[in-house]
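Let me begin by presenting the structure, written as structure tokens, before commenting on it.
We did not get these values from a lab; they are worked out from the coordinates using the rules stated. Keep in mind that what you see is a predicted model, and the values were worked out from it rather than measured. Note: ideal-geometry Cβ built from the backbone for every residue, glycine included; neighbour counts use all protein chains shown.
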């Protein structure tokens, strides 16, 4: 499948293979946990070294999704930067790349636990935003009636024909969506582990992402 359509409050939403969420009637594209600058942050902290190409890979995929959907509103759902100084260390060409994508669009950065403060980039910076009675925020709040959040980088492990494999995924139930991490260098939390197993309804489904999308009940997770 090249996408997966579902509804919350009678609003049709579309899970894309890239890990982006598309809301056609609002011309809204949502991505979560970009984690720009992870390789730079690890190098600055002397923790490890990984090839510094994650920003370019993430931006290429985002640019493709924007061209495909022609979205007019973009919500970055928190942890867009791997730490609170991440924007200061972005190369100039990547800053210009982001600013080029922002032209003519309403661009909303939502605060995350890694990047709680406003950044020196275009767009607006908010803690959360409600659109069509659906709340967009970084971390799921079980008291919210309807919400879209990120933070946990959900993934699912399945066993099929004697082989075990793991995929990043959306988690979806009647009330909420938990987004997969969109960034290139990101780990994940298994969807059948706490706190995800408590946050999501027992009938929730995981939408595995990659070249295509595949829905599977989270009850099937290993």
- Can you sort 176, 159, 61 by how many other beta carbons sit within 10 Å, fewest first? 159, 61, 176
- Note on the structure: In nm, the gap between the two label points placed 7 Å beyond Cα toward Cβ at residue 70 and residue 197 is 4.6 nm
- Message: Order these by the 10 Å Cβ neighbour count, fewest first: 115, 93, 173.
- Response: 93, 173, 115
- Note on region 118-211: contact order normalised by length, alpha-carbon pairs under 8 Å, 6 or more apart, percent, works out to 24 percent
- Item | Listed values (1) 20.2; (2) 17.6; (3) 19.4, entry calculated as Kirkwood radius over Cα pairs in Å | (2)
- Message: What distance in nm separates the two pseudo spin-label positions at residue 143 and residue 163, each 7 Å out from Cα along the beta-carbon direction?
- Response: 4.6 nm
- Return one number: the angle in degrees, 0 to 90 and rounded to the nearest 10, between the long axis of the Cα atoms of helix 54-69 and the longest principal axis of the Cα atoms of the chain. 70 degrees
- Task: Kindly list the residues of region 163-201 that lie in the label zone of residue 222, defined by a backbone N under 16 Å from the point 7 Å along the Cα-to-C-beta vector.
- Result: 163-168, 190-193
- Task: Determine the calculated [θ] at 222 nm for the chain from helices alone, applying -39500 (n - 2.57) to every DSSP H run no shorter than 4 residues and normalising by the residue count; nearest 500 deg cm²/dmol.
- Result: -5000 deg cm²/dmol
- Task: Report the FRET efficiency, 1/(1 + (r/R0)^6), for residue 117 and residue 25, where r is their Cβ-Cβ distance and R0 is 35 Å, rounded to 0.05.
- Result: 0.60
- Message: Based only on other Cβ atoms within 10 Å, what is the fewest-to-most ordering of 152, 185, 214?
- Response: 214, 185, 152
- Message: Could you tell me the calculated FRET efficiency between residue 96 and residue 135, based on Cβ-Cβ distance and R0 = 35 angstrom, to the nearest 0.05?
- Response: 0.60
- Within the chain, what percent of beta bridges assigned by DSSP are antiparallel, to the nearest 5? 60 percent
